[in-house]
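Novice: Take this structure, written in structure tokens, and hold onto it; I'll ask about it next.
The values are calculated or read from the model by the stated rules, or taken from the named source; none is laboratory data. Since the model is a prediction, treat every value here as computed from it, not as a measurement. For neighbour counting, all protein chains shown are included, and Cβ atoms are generated from backbone atoms with ideal geometry for every residue, glycine included.
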Amino acid sequence: MRVALTGATGLIGSALVRRLRERGDDVVALTRDAGRARSSLGDGVELHEWSDPERQPPPASALERADAVVHLLGEPVAQRWTADAKRRIRDSRVLGTRSLVAGLAALPADLRPACLVSQSATGYYGPRGDEQLDERAPAGADFLAEVTVAWEREAAEAPVARVAIPRTGVVLAASGGALAQMLPPFRLGVGGPVAGGRQYVPWIHLADVVGAIVHLLEDVRAAGPVNLSAPNPVTNAELSRSLGRVLHRPAVLPVPGTALRLLYGEMASIVLTGQRVIPARLEEWGYGFSYAELEPALRDVLAPGEQRG
């Protein structure tokens, strides 16, 4: 399979590149900086510069004759949400996807990929308490929900045989993501549940994010929204207890919601609210999770030295 990727040097993208190359697939990376991408991805990945994704379509040579495109490009959400940051978060997703779709539309029909896997997020659902959410649940109304609705709408316009839209949850990985931000206080023994800890965390191990995306590339039934989250979501309090056990540290000191709001502003809503997301379509299509339970996932992600503290 020949697969073109955007966001190939990010947390998910770099892991996906490794998996595809291990399988023997041809990988094409669209990047703003070919030199940095080469240093990050190594030899064996075909690179094409796409210098301004929000204002111009990607080069046709990167897309033509690809079997599929995986679109992972987007400004990091985990930053203080100033007006400018909100604009970057939205435009990088909405305008970047619009440009990609325009590039696909410009190709002759016989040279277009058959499949687009275009990233989205469980933020689509907005704050929903303990309501169980499969892919049929309606969108929320907060900032992230509005961004993901617009993001998905752009992807759905792609002129390809099928468009799969993975709504990815909180990714557990050793090299970055939300877990990396949680670890310092927990290693010091001052971690604990946030704002009471009743909010659900739609977690997923990085290996299952990659595995699920590969499944979406291969399964001709895979189209439309697909929840990428483990089948056993947990509350923030349960996550705190599990992380404490893995690190052999206490995890009982509560973190007030007001403190997070003072520190992060509106962005704190990511941690203070949550979604009880269920991967109904992945399970229907027979995807087998490598990490369906939280504690084994955390033990795998954390190096032995980190587990001992």
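Novice: When you scan region 60-75, how many residues do you find that are free of Cβ contacts under 8 Å to residues at least 40 places away in the same chain and not polar (S, T, N, Q)?
Specialist: Looking only at region 60-75, we keep the residues that are free of Cβ contacts under 8 Å to residues at least 40 places away in the same chain, and these are 61, 75.
Retained after the next criterion (residues that are not polar (S, T, N, Q)): 75.
Residues that pass the stated criteria total 1.
Novice: How many residues does region 208-237 hold that are touching an Asp or Glu at 6+ places or on another chain (Cβ under 8 Å) and surrounded by fewer than 19 Cβ atoms within 10 Å (Cβ to Cβ)?
Specialist: Adding up the residues that qualify gives 3.
Novice: Would you mind finding the one in Thr82, Thr97 that is surrounded by 15 or more Cβ atoms within 10 Å (Cβ to Cβ), among the polar types (S, T, N, Q) and over 22 Å from Gln275 (Cα atoms)? Walk me through how you get there before you give the answer.
Specialist: Numbers: Thr82 fails: surrounded by 15 or more Cβ atoms within 10 Å (Cβ to Cβ).
So the residue among Thr82, Thr97 that is surrounded by 15 or more Cβ atoms within 10 Å (Cβ to Cβ), among the polar types (S, T, N, Q) and over 22 Å from Gln275 (Cα atoms) is Thr97.
Novice: If we keep just the residues of region 78-102 that are assigned to a loop (DSSP other than H, G, I, E, B) and out of contact with any helix residue (DSSP H, G or I) (no Cβ under 6 Å at 6 or more places or on another chain), which is farthest from Thr148 (Cα to Cα)? Before you say what the answer is, go through the steps one by one.
Specialist: Let us first name the residues in region 78-102 that are assigned to a loop (DSSP other than H, G, I, E, B), namely 78-82.
Keeping just the survivors that are out of contact with any helix residue (DSSP H, G or I) (no Cβ under 6 Å at 6 or more places or on another chain) gives 78, 82.
Details: Ala78: 15, Thr82: 18 Å.
It comes out as Thr82.
Novice: Next up: What about Ala8, is it loosely packed, with under 15 Cβ neighbours inside 10 Å, aliphatic (A, V, I, L, M) and in contact with a helix residue (DSSP H, G or I) (Cβ under 7 Å, 6 or more places away or on another chain)? Walk me through it before giving the result.
Specialist: Working: loosely packed, with under 15 Cβ neighbours inside 10 Å: no; aliphatic (A, V, I, L, M): yes; in contact with a helix residue (DSSP H, G or I) (Cβ under 7 Å, 6 or more places away or on another chain): yes.
No: the conditions fail for Ala8.
Novice: Could you list, in sequence order, the residues of region 22-41 that are in contact with a helix residue (DSSP H, G or I) (Cβ under 9 Å, 6 or more places away or on another chain) and not hydrophobic (A, V, I, L, M, F, W, C)?
Specialist: Filtering region 22-41 down to residues in contact with a helix residue (DSSP H, G or I) (Cβ under 9 Å, 6 or more places away or on another chain) leaves 23, 25-31, 40-41.
Selection gives Arg23, Asp25, Asp26, Thr31, Ser40.
Novice: Also: Check region 24-34 and report whether any residue there is surrounded by 21 or more Cβ atoms within 10 Å (Cβ to Cβ) and closer than 30 Å to Leu272 by Cβ.
Specialist: No - not one qualifying residue is present in region 24-34.
Novice: Do we find that Val255 is more than 22 Å from Tyr124 (Cα to Cα), of a type in the set (Val, Ile, Thr) and surrounded by fewer than 19 Cβ atoms within 10 Å (Cβ to Cβ) in this structure? Explain how you work it out, then say what you get.
Specialist: Details: more than 22 Å from Tyr124 (Cα to Cα): yes; of a type in the set (Val, Ile, Thr): yes; surrounded by fewer than 19 Cβ atoms within 10 Å (Cβ to Cβ): no.
So Val255 does not fit the description; no.
Novice: Right, something else. Being over 15 Å from Glu54 (Cα atoms) and basic (Lys, Arg) is true for just one of Arg98, Arg80, Arg90. Which residue is that? Explain how you work it out, then say what you get.
Specialist: Numbers: Arg98 fails: over 15 Å from Glu54 (Cα atoms); Arg90 fails: over 15 Å from Glu54 (Cα atoms).
Exactly one of Arg98, Arg80, Arg90 is over 15 Å from Glu54 (Cα atoms) and basic (Lys, Arg), namely Arg80.
Novice: Okay, next question. Could you pull out the residue among Val170, Val190 that is within 17 Å of the chain's Cα centre (by Cα) and not small (Gly, Ala, Ser)?
Specialist: Numbers: Val190 fails: within 17 Å of the chain's Cα centre (by Cα).
Unique residue meeting the criteria: Val170.
Novice: Check whether at least one residue in region 50-67 is at pLDDT below 95, surrounded by fewer than 19 Cβ atoms within 10 Å (Cβ to Cβ) and outside any helix (DSSP H, G or I), and report yes or no.
Specialist: Restricting attention to region 50-67, the residues satisfying the condition of being at pLDDT below 95 are 51, 65.
Among the residues that remain, those that are also surrounded by fewer than 19 Cβ atoms within 10 Å (Cβ to Cβ) are: 51, 65.
From what's left, outside any helix (DSSP H, G or I): 51, 65.
Checked against the condition, which is being at pLDDT below 95, surrounded by fewer than 19 Cβ atoms within 10 Å (Cβ to Cβ) and outside any helix (DSSP H, G or I), region 50-67 yields at least one hit.
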